[in-house]
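Data first, discussion second: the structure below is written as structure tokens.
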Amino acid sequence: MLRKVRRLPVMVRLMLIIVCLGSLSGCGDSADPLGIGIVQFYDVSTGTVITSVSVDPGGSLTLVVRVMSLRSDGSLAPVIGERVTFTLLTPANNGGLAVVNDRTAGNGQAMALYTAGNNFAIDSVRVTTGAGATATITINKTGGIIGPRISNLTASSTSVADGQTSIITATVTDGNNNPMMGEAVTFTIPTNDSNACFINAANACVLSVIVTTDGSGNARAVYRGGSNSPNFDVFDTVRAALANGSTNFVVITRSAATVTSVYSITVSATPATLSAVGGSSVITATVRNNLGTAVSGVTVTFTQTGGVSILPASSITDASGNAVSTFTGAGVATGTAGVATASITVNGTTYTASVVITNP
């Protein structure tokens with residue numbers, strides 16, 4: 001008679017037999033009660049004592065409480081009109097408990113309807129009589145979760161470079177692992193160290209997209225790696241979520257730029273023309289790798305021809321790939337004040353660039 005149900009109109013009745021622990025109203029309406037006994041849960045189909053029962057996530061059980069008094073001859077008699085309190089001890093698991101009748105009927109029974117949350121968290125229900133007798137049962141959940149869930153989230157590539165893309169696929173299934181079509185999946189990047197984005201249908205770079213699952217239960221989004229911290233591996237977390245709270249995550253590594261031995265260096269002077277009586281010009285050298293990304297931490301050496309000096313003689317590039325020095329002219333009346341040259345040496349190869357500073 002005890003079985004689990006799932007969204008069925010006919011509820012299973014779980015028999016709880018409470019034997020009087022003290023003086024209960026109605027305990028004496030049958031002959032010669034002792035007023036002592038035990039409190040137990042029984043599977044009435046087998047007559048055995050039980051301490052737990054199982055139900056599907058989202059399923060229901062009708063809990064039937066039977067309050068009995070113990071006679072001196074060892075037999076049991078139903079207690080009529082006894083107040084019974086049902087308490088769900090684990091409300092945080094989203095289960096429910098509705099009392100059908102809180103006083104025992106002529107057969108000593110009272111009932112409550114238990115509904116399981118749509119999860120696998122274990123619940124407990126306690127019953128207390130007016131005389132303080134109690135019993136507790138553990139409710140386990142087996143079977144599949146009801147409704148859609150993101151059962152799988154994959155990336156076509158879990159490691160990309162700046163500007164490269166990866167196809168993120170969310171698979172939505174029901175509790176029996178059947179694909180679900182027409183479910184809206186929201187893709188976001190809650191941890192976005194690379195400044196990544198999704199490419200939407202308008203080919204725009206956006207931070208979230210909503211995609212509907214196809215006949216195979218799949219929704220796909222295009223992730224594109226960002227350019228933050230180009231010299232380091234950084235990690236982005238892509239999240240897929242349903243309206244019912246089901247979520248899944250995948251981590252994408254945006255790898256550091258792959259730099260070959262090919263670099264570029266450019267030099268500029270501000271101002272590029274000095275006065276006839278001399279003056280100074282700020283020399284800026286910019287270093288980039290073969291991907292066009294600024295390179296920080298590289299030592300640039302500065303030299304000059306003409307003029308008085310260029311100081312400092314070396315400088316280290318910042319996060320924008322820039323290194324700075326100052327050229328001081330000699331105050332020549334006309335013509336060329338001098339030439340500033342910047343150079344870097346990487347893996348045994350030297351790269352140089354120059355700028356001409358003139359006089360009026």
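Please compute the per residue accessible area over the stretch 270-318 with all protein chains in place, 1.4 Å probe, rounded to a whole number of Å². Could you put the intermediate results ahead of the total?
Numbers: 2340 Å² over 49 residues.
Ligands and nucleic acids excluded, the result is 48 Å² per residue.
At a Förster distance of 41 Å, what's the computed FRET efficiency of LEU113 paired with ASN178, Cβ-Cβ distance as r, to 0.05?
Values: r = 28 Å, r/R0 = 0.69.
The calculated FRET efficiency here is 0.90.
How large is the accessible surface of ARG103 in square angstrom, using a 1.4 angstrom probe and rounding to the nearest 10?
100
Rounded to a whole number, what % of the accessible area of the stretch 72-115 do carbon and sulfur atoms account for, probe 1.4 Å? Write down the numbers at each step before the final one.
Numbers: 1170 of 2110 Å².
Summing carbon and sulfur atoms, their accessible area is 55 percent of the total for the stretch 72-115.
To the nearest 0.05, what FRET efficiency results for SER124 and ASN244 with a Förster distance of 25 Å applied to their C-beta separation?
On the way: r = 25 Å, r/R0 = 1.00.
Once the sixth-power term is evaluated, E becomes 0.50.
In the P(r) worked out for the stretch 267-323, what percent of Cα pairs fall beyond 18 Å? Before the final figure, lay out the partial values.
Numbers: 612 of 1596 pairs.
The share of Cα pairs beyond 18 Å in the stretch 267-323 comes to 38 percent.
Computing the accessible area with a 1.4 Å probe over protein heavy atoms, can you report the carbon and sulfur percentage for the stretch 137-240? Walk me through the intermediate numbers first.
On the way: 2250 of 4790 Å².
It is 47 percent, rounded to a whole number.
Please work out how much length the chain gains when fully extended from ARG103 to ASN347, using 0.36 nm per residue of separation minus the C-alpha to C-alpha distance, in nm with one decimal.
Working: separation 244, 0.36 × 244 = 87.84 nm, distance 8.84 nm.
This chain segment gains 79.0 nm when fully extended.
Let me know the shape class of the stretch 92-149, please: from the alpha-carbon gyration tensor, a ≥ b ≥ c as square roots of the eigenvalues, rounded when a/c is under 1.5, otherwise prolate if a/b is greater than b/c, or oblate.
Numbers: a/c = 3.16, a/b = 2.19, b/c = 1.44.
Taking the square roots of the gyration eigenvalues as a ≥ b ≥ c, the stretch 92-149 is prolate.
Over what distance in Å are the Cα centres of the stretch 78-155 and the stretch 191-256 separated?
Going from one Cα centre to the other spans 41 Å.
May I ask you to give the average projected area over all directions of the convex hull of the Cα atoms of the stretch 281-360, in nm² rounded to one decimal? Present the calculation step by step, with values, prior to reporting the outcome.
Values: hull surface 21.5 nm².
Mean orientational projected area (the stretch 281-360, Cα hull): 5.4 nm².
For VAL324 and VAL206, FRET efficiency with R0 = 41 Å and r from the beta-carbon atoms, rounded to 0.05?
Values: r = 37 Å, r/R0 = 0.91.
In this case the efficiency is close to 0.65.
At q = 0.10, 0.20, 0.22 Å⁻¹, what is the log10 ratio I(q)/I(0) for the stretch 188-307, with the Debye formula run over Cα points and no solvent?
Once normalised to I(0) and log-transformed, intensities are -0.54, -1.11, -1.23.
Once a ≥ b ≥ c are taken as the square roots of the eigenvalues of the Cα gyration tensor of the stretch 101-200, is the result rounded (a/c under 1.5), prolate (a/b larger than b/c) or oblate (a/b not larger than b/c)? All intermediate terms of the calculation are to be shown ahead of the outcome.
Working: a/c = 4.57, a/b = 3.19, b/c = 1.43.
Prolate, because a/c is 1.5 or more and a/b exceeds b/c.
Just by accessible area at a 1.4 angstrom probe, what is the order of LEU76, LEU61, LEU97, LEU207 from largest to smallest? Don't skip to the end; give the middle numbers.
On the way: LEU76 80, LEU61 0, LEU97 50, LEU207 110 Å².
Reading off the accessible areas and sorting them downward yields LEU207, LEU76, LEU97, LEU61.
What do you reckon, how do MET180, MET68 stack up by accessible area (1.4 Å probe), largest on top?
Working: MET180 45, MET68 5 Å².
Largest to smallest exposure gives the sequence MET180, MET68.
The values are calculated or read from the model by the stated rules, or taken from the named source; none is laboratory data. Computed from a prediction, not measured in an experiment: that's the story for all the values here. Glycine gets a Cβ as well: all are built from the backbone with ideal geometry, and neighbour counts include every protein chain shown. Just the protein is used for accessible areas: all its heavy atoms, side chains included, with ligands, DNA and RNA removed. Shrake-Rupley method; radii C 1.70, N 1.55, O 1.52, S 1.80 Å.
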